[in-house]
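A.B. asks: Here it is, the structure, as structure tokens.
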Amino acid sequence: MTTSPLKSSAPGETPEPRSVAGLLLRAARDHPHSGVRYLTGPAADESMRQSYPELLESALVLLSALRDRGLRPGDKAALLLDRQPEFLAVFWACLLGGFVPCPMVPISGDPARWAAQLAHVNRLLDGPLLVTTEAMRAELPDVPGLAVAVVEEVREAGESAGAERGQPPAVYSAAPEDLALLVLTSGSTGNSKAVMLTHGNILAAMAGKAEKQRLTAADTTFNWISYDHVAALLEAHMLPLYVGAEQLHAEAAVILEEPPRFLRIISRHKVTMTFTPNFLLGPLNAAARDMAEDISAGGEGLDLSALRHIVSGGEANVVATGEAFLDHYAPYGLRKTALWPAFGMTETCAGSVYNRAFPATDAGQEFANLGTPVEGLRIRIADDDHRALPAGEIGELQLSGPMITTGYYRDEEATRAAFTPDGWFRSGDLGRIDEGRLTLVGRSKDSVIVNGVNYFSHEIEAALEQLDDVAGGYVAAFPTRRPGSDTEQLVIAVSPEPADDDEAGLHRMITAVRSTVVIHWGFRPFLILPLPKDAFPKTSLGKTLRRRMRHRLESGAYDEVIARVAELTTRRLGGHTPPEGETERVLAEIYAEMFDTVPERISVTASFFDLGGTSLDILRLRRQVHRRLGVAELPVITVLTAPSVRRLAARLSARLTDGGAPAAAAYDPVVPLQTGGEKTPLFCVHPGVGEVLVFVNLAKYFVGDRPFYALRARGFDEGEQPFTSFEEMVGCYVAAIRARQPHGPYAVAGYSYGGAVAFEIAKALEAEGERVDFVGSFNLPPHIKYRMEELDFVETATNLAFFLDLINKKQSLDLPAELRPLPKEEQLARLLGLAPRARLDELDLDLATFTGWAELAHGLTALGRDYHPSGTTRSMTVFYAIPLRGTKEDWLEHELRRWDEHTREPNRYVDVPGEHYTLMGPRHVAAFQAILRAELDRALSDADRARTTDQV
């Protein structure tokens with residue numbers, strides 16, 4: 001059934017809508033002056049506002065076009081939209097048309113996992129229409145049968161259709177029991193479930209939330225959580241719309257990059273209600289002193305007097321953290337009762353239990369209670385047989401009410417397991433009820449909640465079991481929480497393959513585990529416990545008992561292991577040297593904060609990267625140095641070449657003393673990314689962009705194995721002149737390698753363009769009478785001239801932008817023709833204008849530095865046009881991945897095997913996972929490093945044996 005939008009009710013009558021679509025219709029009719037303000041810009045200091053009537057109009061335009069594409073009531077639409085205004089417009093277009101939206105977010109940096117998730121969702125939702133942007137469509141992996149609609153084209157079609165029809169489309173009237181929304185659970189390897197929420201579920205939840213929170217049209221709300229999270233969509237968007245309140249939305253990165261912005265935005269816009277997970281309160285407590293000093297010095301003031309409450313859910317609320325937050329910001333008008341710990345799940349339509357009496361009812365407790373349920377929701381604590389337990393006893397939290405999901409879409413087994421025989425929903429959380437108030441004490445599910453995000457233990461374990469130093473079947477990922485900590489921490493127990501007396505191997509394994517977690521999930525394990533296989537308690541079916549291991553950890557059973565790992569790490573990092581002077585002291589504090597330890601455990605001679613830093617951490621380090629030491633611009637290369645506290649302090653002290661940049665150091669192409677290990681060092685040559693950041697994560701896996709040096713092109717730093725010939729570049733690199741390692745045997749390799757350079761380096765070293773036992777090419781044939789001739793300046797600059805993740809793949813293909821008629825400066829400015837602000841900050845890029853980089857890359861390309869391979873080296877190891885063009889088989893047979901013409905002994909051709917640009921990316925770096933290290937060991941051992949045989 002369809003109805004006309006904005007149909008009037010009887011005078012003075014505001015009936016309760018029967019479907020979720022009615023919420024927007026009612027808000028547009030009854031609250032036309034309220035709406036959504038999108039905070040934009042790097043610091044959320046700009047905005048775009050859309051009233052509720054304008055949001056409705058935008059959604060109706062899209063509704064027409066989606067119907068023209070064949071969508072009918074009940075059809076599914078997966079929403080892959082990264083810009084908030086577009087997401088909400090498509091979301092409401094679906095609800096107005098009776099279609100069922102399912103929000104999605106991409107899995108970045110991991111094409112295989114992303115393809116698996118898309119294929120799974122396509123099967124699960126029975127061929128939904130995926131609505132996305134033109135830019136995001138260009139990054140979609142190939143998924144057979146996936147139907148895709150580009151929102152820009154949909155809007156254009158809708159506007160044309162609307163102009164022809166002259167009136168808005170009719171709105172579908174859904175029944176309360178109809179499916180309204182599907183929300184994917186956190187599974188990211190193709191096993192996500194889709195939670196079903198009906199119109200009746202959502203409307204019941206809205207009524208309960210509004211009554212509990214006492215929201216009205218006079219309120220102003222603020223949200224920074226992404227819309228794939230049910231709390232953002234229902235608690236922070238649909239709830240204020242339900243009552244006609246004004247609502248603000250900012251991107252998550254705005255707050256995560258600079259937590260104090262959360263309070264600044266509340267102050268500027270007189271926000272009365274907002275939501276945040278507990279983990280944000282810790283950084284806000286840490287920032288309180290700096291904010292007070294800034295305000296005292298004449299900075300922007302802070303007025304929190306309008307803020308009535310902050311709903312805090314997603315993880316346990318630490319009482320001490322919450323009390324400290326309320327105390328720190330009380331001088332700015334923050335109410336003593338402003339923090340509301342809460343509980344909710346996707347299956348309960350987000351927040352459904354609220355503690356409005358914090359902290360009065362939580363004195364002396366470690367974790368806050370969660371209060372009482374909203375109207376219509378019943379809760380109970382039950383034993384293993386689903387019998388209700390008396391007050392104060394611990395059991396599983398179970399819930400019943402009109403806002404509870406009916407189950408999981410097309411997954412009868414999961415739905416059956418989620419409900420008790422008498423129909424109560426099983427939360428998977430352990431808790432107790434005292435005087436009607438709920439307190440959670442743990443979870444029966446195997447997952448870890450870090451900073452409000454749920455990570456499944458089995459997914460972490462599966463990734464770590466791919467490491468060559470880890471025993472398969474003997475990995476356990478489980479949570480712990482230190483007393484007073486703001487969030488849970490991840491503990492990884494592993495059974496190492498290295499022998500007990502192989503200290504270097506054990507340290508390398510620990511580093512590999514830590515690096516893999518950081519690269520895949522963006523945070524560090526709190527503890528890594530190397531344990532023998534018999535220390536893993538298992539069921540008769542072989543399942544590891546993670547909860548038993550957590551209990552052992554927290555009862556002190558692993559204290560000796562923890563101490564041994566700490567002592568091993570300190571020793572492998574060269575012992576402990578305490579800081580001297582203020583700059584070293586502050587840097588040690590910054591390093592300690594980043595690596596979740598105390599400053600006393602940071603040795604000033606230990607490398608930032610050996611301590612656990614990855615390329616992801618460089619931006620955080622630069623920001624902290626700016627905030628704590630006042631150094632506004634810390635070049636990435638400075639961190640790479642001076643990674644220890646002591647060396648970085650020396651660079652910064654010179655800059656602080658001189659009031660500007662320190663004198664440029666003499667050019668040295670060798671960047672030591674990892675210096676530990678007794679084996680022959682590996683020297684890796686840069687790709688065609690000249691920079692070495694691509695090797696940072698790879699080098700992490702060589703800790704304790706062999707030194708890993710990267711060769712960086714000349715011309716990045718002020719006063720440096722780029723190379724004028726291929727021969728000059730090779731000669732410079734050979735001299736630098738011999739200065740670092742005077743004699744062989746040598747191991748050299750190069751990525752892409754660098755493969756040809758590595759070949760020439762090997763020839764030059766052999767001509768000087770030195771042994772070169774390993775020469776590696778990462779996916780490059782010997783003949784590069786034809787490819788270099790294809791690249792003019794525009795192509796090179798565009799490829800550089802794509803390589804640096806400034807633009808997407810489709811843009812990299814389309815932009816050269818569009819940019820070629822423009823002057824060079826406009827070409828580069830356009831490329832930078834398309835880049836995400838955060839990525840530009842991470843790479844320390846502005847127009848001047850990007851211009852210099854593009855000119856340098858263009859110069860390297862020009863050198864390659866004159867390169868003709870000649871002569872031979874002993875042998876090559878060629879690692880081949882999916883090429884930029886054509887098939888892998890053609891690439892190998894017709895291009896890469898031409899290395900056989902330039903070696904005296906047979907070559908090895910080694911298949912590696914991934915594509916040309918992703919073989920060292922997050923998804924594939926762990927597999928690639930294992931293959932590379934094995935090939936290095938094999939080649940160097942074979943060469944030693946051959947020479948021994950010759951001597952005999």
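Every number in this text was worked out from the coordinates using simple rules, so none of it is lab data. All figures in this text were calculated on a predicted structure; none of them were measured in a lab. So basically every Cβ, Gly included, is an ideal-geometry build from the backbone, and we count neighbours across all protein chains shown.
A.B. asks: Counting Lys and Arg as +1 and Asp and Glu as -1, each charge on the Cβ, what is the dipole of the stretch 447-572 about the Cα centre in debye, to the nearest 20?
C.D. replies: Working: 16 positive and 17 negative charges, 101 e Å.
Result for the stretch 447-572 is approximately 480 debye, rounded to the nearest 20.
A.B. asks: Placing +1 at every Lys and Arg Cβ and -1 at every Asp and Glu Cβ, with all other atoms neutral, what dipole size does the chain have around its Cα centre, in debye to the nearest 20?
C.D. replies: On the way: 97 positive and 127 negative charges, 292 e Å.
For the chain, the charge dipole is close to 1400 debye.
A.B. asks: Taking H placed 1.01 Å from N in the peptide plane, check which residues at least 5 places from Ala149 or on another chain put their amide H under 5 Å from its amide H.
C.D. replies: Under 5 Å from the amide H of Ala149 lie the amide H atoms of Leu130, Val131, Thr132, each far enough along the sequence or on another chain.
A.B. asks: Can you sort Ser34, Ser870 so the residue with the fewest Cβ neighbours within 10 Å comes first? Walk me through the numbers on the way to the answer.
C.D. replies: Numbers: Ser34 22, Ser870 10.
In order of increasing Cβ crowding within 10 Å: Ser870, Ser34.
A.B. asks: Here's a follow-up. Could you name the aspartates and glutamates in cross-link range of Lys700, using Cα to Cα under 15 Å and dropping any fewer than eight places away on the same chain?
C.D. replies: Within the straight-line cut-off, Lys700 pairs with Asp468, Asp469, Asp610, Asp617.
A.B. asks: Something else: Checking the a/c ratio against 1.5 first, then a/b against b/c, what shape does the Cα gyration tensor give for the stretch 855-904?
C.D. replies: On the way: a/c = 2.40, a/b = 1.19, b/c = 2.03.
Oblate is the answer for the stretch 855-904, as a/c is 1.5 or above yet b/c matches or exceeds a/b.
A.B. asks: Now a separate question. List the relative contact order of the stretch 666-825 as a percent without decimals, with contacts defined as Cα pairs under 8 Å and 6+ residues apart. Please report the intermediate quantities before stating the final value.
C.D. replies: Working: 240 pairs, mean separation 32.6, N = 160.
Relative contact order comes out at 20 percent.
A.B. asks: Among Lys270/Lys336; Lys810/Lys888; Lys785/Lys809, which pairs are too far apart, with a Cα-Cα distance over 19 Å? Before the final figure, lay out each step's value.
C.D. replies: Details: Lys270/Lys336 17 Å; Lys810/Lys888 21 Å; Lys785/Lys809 23 Å.
Over 19 Å apart, Cα to Cα: Lys810/Lys888; Lys785/Lys809.
A.B. asks: Taking the Cα centre of the stretch 289-340 as the origin, how large is its charge dipole in debye, to the nearest 20, when only Lys and Arg (+1) and Asp and Glu (-1) carry charge on their Cβ atoms? Before the final figure, lay out the partial values.
C.D. replies: Values: 4 positive and 8 negative charges, 63 e Å.
The dipole magnitude comes to about 300 debye.
A.B. asks: State, as an integer percentage, the relative contact order of the stretch 174-272 based on alpha-carbon contacts under 8 Å between residues 6 or more apart. Working shown, then result.
C.D. replies: Working: 126 pairs, mean separation 22.4, N = 99.
Once normalised by length, the contact order is 23 percent.
A.B. asks: With the contact rule set at Cα under 8 Å and sequence spacing of 6 or more, what percent relative contact order holds for the stretch 786-865?
C.D. replies: So the answer I get is 45 percent.
A.B. asks: List the lysines whose Cα lies under 17 Å from the Cα of Lys76, skipping any in the same chain that are fewer than 8 positions away.
C.D. replies: Lys193
A.B. asks: Given the -39500 (n - 2.57) contribution per DSSP H run of 4+ residues, what per-residue ellipticity at 222 nm results for the chain, rounded to the nearest 500 deg cm²/dmol? Don't jump to the answer; show the numbers that get you there.
C.D. replies: Values: 31 runs with 365 residues, N = 952.
Computed mean residue ellipticity for the chain: -12000 deg cm²/dmol.
A.B. asks: Additional query: Dipole of the chain (Lys/Arg Cβ +1, Asp/Glu Cβ -1, origin at the Cα centre): which of Ala204, Ala710, His386 lies farthest to the positive side?
C.D. replies: His386
A.B. asks: Taking the Cβ of Tyr409 as the centre, find all other residues whose Cβ is under 9 Å away and add up their charges (Lys, Arg: +1; Asp, Glu: -1).
C.D. replies: On the way: positive: Lys76, Lys193, Arg410; negative: Asp411.
Once all neighbours under 9 Å are counted, the net charge is +2.
A.B. asks: Taking each pair of different alpha-carbon atoms in the chain once, compute 1/r for the pair, average those values, and report the inverse of that mean as the Kirkwood hydrodynamic radius in Å to one decimal.
C.D. replies: Values: mean 1/r = 0.0329 Å⁻¹.
About 30.4 Å for the chain.
A.B. asks: Given axes a ≥ b ≥ c from the Cα gyration tensor, I'd like to know whether the stretch 31-84 is rounded (a/c under 1.5), prolate (a/b larger than b/c) or oblate. Don't skip to the end; give the middle numbers.
C.D. replies: Details: a/c = 3.33, a/b = 1.69, b/c = 1.97.
Because a/c hits 1.5 or more and a/b fails to exceed b/c, the stretch 31-84 counts as oblate.
A.B. asks: Pull out a ≥ b ≥ c, the square roots of the eigenvalues of the alpha-carbon gyration tensor of the stretch 447-572, then state rounded if a/c is under 1.5, prolate if not and a/b is larger than b/c, and oblate in the remaining case. Please report the intermediate quantities before stating the final value.
C.D. replies: Details: a/c = 1.28, a/b = 1.18, b/c = 1.08.
Rounded, because the longest to shortest axis ratio a/c is under 1.5.
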